[in-house]
Amino acid sequence: MQTERKSSGTVGKALSVLDQVASFERPVRFNDILEESPFPKATLYRILQNLVTEGLLTFDREWQTYALGVRLVRLAHSAWTQSSLAPVARPHLTALSEATGETIHLAQLDGPHVLYLDKRDAKRRITMFSEAGKVGPAYCTGVGKAMLAFLPEDELQRILPQQSYHRFTPATICSQQELSSELEQIRQHGFALDREDHEPGIICVAVPVLSRTKQMMGSISITSTSARTSLGKLKKFVPDLQNAASEVATAAEYWRFPDNQRTPEKMEI
């Protein structure tokens, strides 16, 4: 589903078109893009041509289709290594996965949504929506609720109305009032639960990654299936999750603000 964004100026329009092309998840023809585009035909064509020229899109002349360009791969890798928690979190996610045998997720907020940064599969792999690089809902995922609960109040109140509150399963939270009530419980307990909110059969426990000043940096979750385990059993991993989150937060702080602090171990990319 295409993320709705307000386009501002030339750059905003170009990014909007990139988002639209990406939303198809396959090479796409001009008329398919035009059908869902807010831009006039001539404007859309000009933007597409500029994006192709800059290497952000490719154009297949034989099939007459547009697709994301390899320059985006380079930019995405740079963003992953420079701006996300993923590089510093890698060894901690791996250790948590080996200790629990379950699926581990690392996420950050992308506006009102969840961006999955990294993932470790369970010993017995589970088929589910989440993959590194995917964007998902915040209001009905464990990692999303864990992050929303620890946002500053003004930012939270800006984001809550932007949630879709679409019902994915019978357990999905479908109102801002219901979500606000659950977020208060998450603050009290220090962790969030996914009770098959987003996908049938998928359950998880998640904790926020908080800096020393309690700034929300991201979240980590342990995910399994209701057929294999229970939320009660997953909750026993909360101390392990919190320890991992604390280690990631500390590593990220040394990484971003190295002055007058010890030198962190070399990151594995």
(request) For the range 59-81, state whether one or more residues are in contact (Cβ under 8 Å) with a residue 60 or more places away in the chain and under 27 Å from R228 (Cβ atoms). (result) no
(request) State all residues of the range 192-232 that are surrounded by fewer than 24 Cβ atoms within 10 Å (Cβ to Cβ), within 17 Å of C140 (Cβ to Cβ) and either of a type in the set (D, E, K, R) or touching a Pro at 6+ places or on another chain (Cβ under 6 Å) (or both); if no residue qualifies, say none. (result) R195, E196, E199
(request) Select from the range 155-200 the residues that are touching a residue at least 24 places away in the same chain (Cβ under 8 Å) and of a type in the set (A, V, I, L, M, F, W, C) and list them in ascending order. (result) L156, I159, F168, A171, I173, L179, L183, I186, F191, A192, L193
(request) Name the strands (runs of 3 or more DSSP E) wholly inside the range 27-136 in which the number of residues that are over 19 Å from the mean Cα position of the chain (by Cα) and either in the same structural domain as T229 (by TED's automatic domain parsing) or surrounded by 19 or more Cβ atoms within 10 Å (Cβ to Cβ) (or both) is 1 or more. (result) 57-60, 65-68
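The values are calculated or read from the model by the stated rules, or taken from the named source; none is laboratory data. Please read these numbers as outputs of a predicted model, since none were measured by experiment. No Cβ is skipped: glycine too gets one built from the backbone with ideal geometry, and neighbour counts run over all protein chains shown.
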